[in-house]
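To start, the structure under review is shown below, and the notes come after it.
Please treat every number below as a calculation from the coordinates, not as lab data. Note that the structure is a prediction, hence the values are computed from the model and not measured. Reconstructed Cβ throughout: ideal geometry from the backbone, glycine too, with neighbour counts over all protein chains shown.
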Amino acid sequence: MFYFATVFVYLGLSMDDPTSNAYVYAFYRYYVGSIVFLFLLIKKNIRLSFELPLPVFMRGITNGIAVIFFYLAIEWGETGRANVLNMTYPAFVALISGPLIREYPDFRTILSLILCIIGIFFYFIEPLLKLAHEILISDIFALLSSITAAFSIVSLRSSAKIAPTEYILFWMFFLGVFITLPFCYKNLFLLDKSDLVYLLVSAVMGVLGQWFLTISYRYLDATTGSIVSGSRIPIALLFGFFFLGEPFSFFAWMGGLLIFTSNILIALKHEFK
């Protein structure tokens, strides 16, 4: 769901003279999500309190920033590269889970962190060698989205212990509306019909993906849960190459393989000791 949400961001922004931008796509994702989960709160008679627990508040703020960075990466570059670098967040989750929620990395996790760092290096070496500034900017945005998403995932783990799924998601989407609105309010009055189709499809897919991800954290720890959407890495590389015409890069594919392997090691750390 998350990957194909970005595909429609990419397709919409690739049109001739689009009237939207990355901020508008992020806004629509949060706007649609806040409506959906407000309806679910009312339907399930869940009390809506404006005294937010800190983990719920931090989940909304960090997720909003992460999505803005992620969509900027899509706008400036390729869906495959942006999605793979965004999926380095399990490694960053492993790094920050210890001091924040006392889930400390073991030897297998440390090994996976090393593989992830090497994978990130593979992604950045080619643009640096070729001086491909636009791709490098996209990669930086994607990596920033990953780091911010790691804090969002840790906040989600803490939030899931104290609040219902619908409550967490409503506030995440509602706060996201206010985070993204200042960057795109002028564009909202200039959208044409072709933009709206891509905006709505991308928003719906993003909302569904976020719903499934949040539910999963009721049953998984922060580090293992972050691998739930790990299949996005091969999907992003293969779909981008075969269907979106994104160029093949040996360094990028090797980096993606290392990052994917890193995520698998983190996910299976409790299985083989």
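Listed values, structure above:
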item: In the stretch 43-89, trypsin sites (Lys or Arg not before Pro) in a DSSP loop with at most 11 other beta-carbon atoms within 10 Å; result: LYS44, ARG47
item: Net charge of Cβ neighbours under 9 Å - reference ARG81; Lys, Arg +1; Asp, Glu -1; result: -3
item: Computed E for LEU129/LEU191 - FRET, C-beta separation, R0 45 angstrom, nearest 0.05; result: 0.70
item: Of (1) 53, 44, 35; (2) 53, 44, 39; (3) 50, 49, 26, the label for Cα extents along the principal axes in Å derived from the coordinates; result: (3)
item: Sites matching GluC sites (Glu not before Pro) across the stretch 8-91 that sit in DSSP coil, with at most 13 neighbouring C-beta atoms within 10 Å; result: GLU51
item: Net charge, ALA236 excluded, C-beta distance under 12 Å - Lys, Arg +1, Asp, Glu -1; result: 0
item: Cut-off of 10 Å, at most 14 other beta carbons, DSSP loop: longest stretch of the chain lacking such chymotrypsin sites (Phe, Trp or Tyr not before Pro); result: 51-184
item: The chain: DSSP helices with Cα axial extent of at least 18 Å and average Kyte-Doolittle hydropathy no lower than -0.5; result: 22-43, 54-76, 107-130, 133-160, 165-184, 193-216, 250-267
item: Count, lysine Cα pairs under 28 Å in the chain, 8 or more residues apart or across chains; result: 4
item: For the chain, calculated [θ]222 nm from helices alone, where every DSSP H run of n ≥ 4 adds -39500 (n - 2.57); result: -25500 deg cm²/dmol
item: Computed E for THR261/ILE215 - FRET, C-beta separation, R0 22 angstrom, nearest 0.05; result: 0.25
item: Two-site FRET efficiency, PHE50 against LYS161, from Cβ-Cβ distance with R₀ of 25 Å, rounded to 0.05; result: 0.75
item: Span from the the stretch 1-80 Cα centroid across to the the stretch 163-204 one, whole angstrom; result: 5
item: Average Cα contact separation per residue, the chain, under 8 Å, 6 or more apart, as relative contact order %; result: 39
